[in-house]
Amino acid sequence: MGLRQASITDIKQIQQVRNAVKENTLSDPSLVTDDDVMDYITRRGRGWVHEVEGVITGFSIISIIDQNVWALFVHPDFERRGIGRLLHDEMMNWYFANTDKLVWLSTGPGTRAEQFYREAGWQEKGTYGKGEIKFEMRKEDWESGKIS
């Protein structure tokens, strides 16, 4: 079991996890292509995967170019085991080690993800897209230990 940086060979399993989630589902899975994932983990930013016995159980991807969390998902069979928090913290530590810029994300209201981000210290900043909640995190808030 472990956390490591994502590679292009992980894309198939990343897509499987993304399409298995019960909340924040894609209305059309073809909207997020393998090429999109490759672009985000190789050019725009970085990604991480958590795996158990070679099976990816969760992943996170952040874009330093767009200053946003592009994805953070855990397979439903592995929820509530701390995997999301490990992925989140690794991603945020890397991001703020490489830039001082504010980072943002959006998620559906009334979801467990919304609660997760609130507990992690993200600040709500209005709405985004089709009624999603927009959250932001500043480097000084991340580094101050404001978050748990």
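Given (1) closer than 25 Å to Gln115 by Cα; (2) surrounded by 12 or more Cβ atoms within 10 Å (Cβ to Cβ), identify the lone condition not met by Asn98.
It fails just one condition, (1).
Just checking: which of the strands (runs of 3 or more DSSP E) contained wholly in the range 100-148 hold 2 or more residues that are among the hydrophobic types (A, V, I, L, M, F, W, C), over 15 Å from the mean Cα position of the chain (by Cα) and within 20 Å of Arg44 (Cα to Cα)?
none
In the range 124-147, is there at least one residue being in contact (Cβ under 8 Å) with a residue 40 or more places away in the chain and hydroxyl-bearing (Ser, Thr, Tyr)?
Applying the first criterion (in contact (Cβ under 8 Å) with a residue 40 or more places away in the chain) to the range 124-147 yields 137, 139, 142-143.
The next check asks that each one be hydroxyl-bearing (Ser, Thr, Tyr); those that pass are none.
So far as the range 124-147 goes, no, none of its residues is in contact (Cβ under 8 Å) with a residue 40 or more places away in the chain and hydroxyl-bearing (Ser, Thr, Tyr).
Does any residue in the range 1-19 that is more than 18 Å from Phe78 (Cα to Cα) come within less than 9 Å, Cβ to Cβ, of a residue that is among the hydroxyl-bearing types (Ser, Thr, Tyr) and in a helix (DSSP H, G or I) six or more places away or on a different chain, and which pairs are these?
Ser7/Thr42; Ile8/Thr42
Output the residues belonging to the range 119-133 that are surrounded by 12 or more Cβ atoms within 10 Å (Cβ to Cβ) and either modelled with pLDDT of 95 or more or more than 18 Å from Glu23 (Cα to Cα) (or both).
Here is the first cut: in the range 119-133, the residues surrounded by 12 or more Cβ atoms within 10 Å (Cβ to Cβ) are 120-125, 127-128, 132-133.
Of everything in the range 119-133, those that are surrounded by 12 or more Cβ atoms within 10 Å (Cβ to Cβ) and either modelled with pLDDT of 95 or more or more than 18 Å from Glu23 (Cα to Cα) (or both) turn out to be Ala120, Gly121, Trp122, Gln123, Glu124, Lys125, Ile133.
Do we have any residue at all in the range 72-88 that's open to solvent by less than 70 Å² (accessible area, probe 1.4 Å), closer than 17 Å to Ile41 by Cβ, modelled with pLDDT of 90 or more and in a helix (DSSP H, G or I)?
yes
Given the conditions (1) over 15 Å from the mean Cα position of the chain (by Cα); (2) in contact (Cβ under 8 Å) with a residue 24 or more places away in the chain; (3) within 16 Å of Val17 (Cβ to Cβ), and given that Gly54 satisfies all but one, which numbered condition is not satisfied?
The number of the failed condition is (2).
The values are calculated or read from the model by the stated rules, or taken from the named source; none is laboratory data. Predicted, not measured: the structure shown is a model, and the values here were computed from it. So basically every Cβ, Gly included, is an ideal-geometry build from the backbone, and we count neighbours across all protein chains shown. Heavy atoms of the whole protein, side chains included, go into the accessibility calculation; ligands, DNA and RNA do not. Shrake-Rupley method; radii C 1.70, N 1.55, O 1.52, S 1.80 Å.
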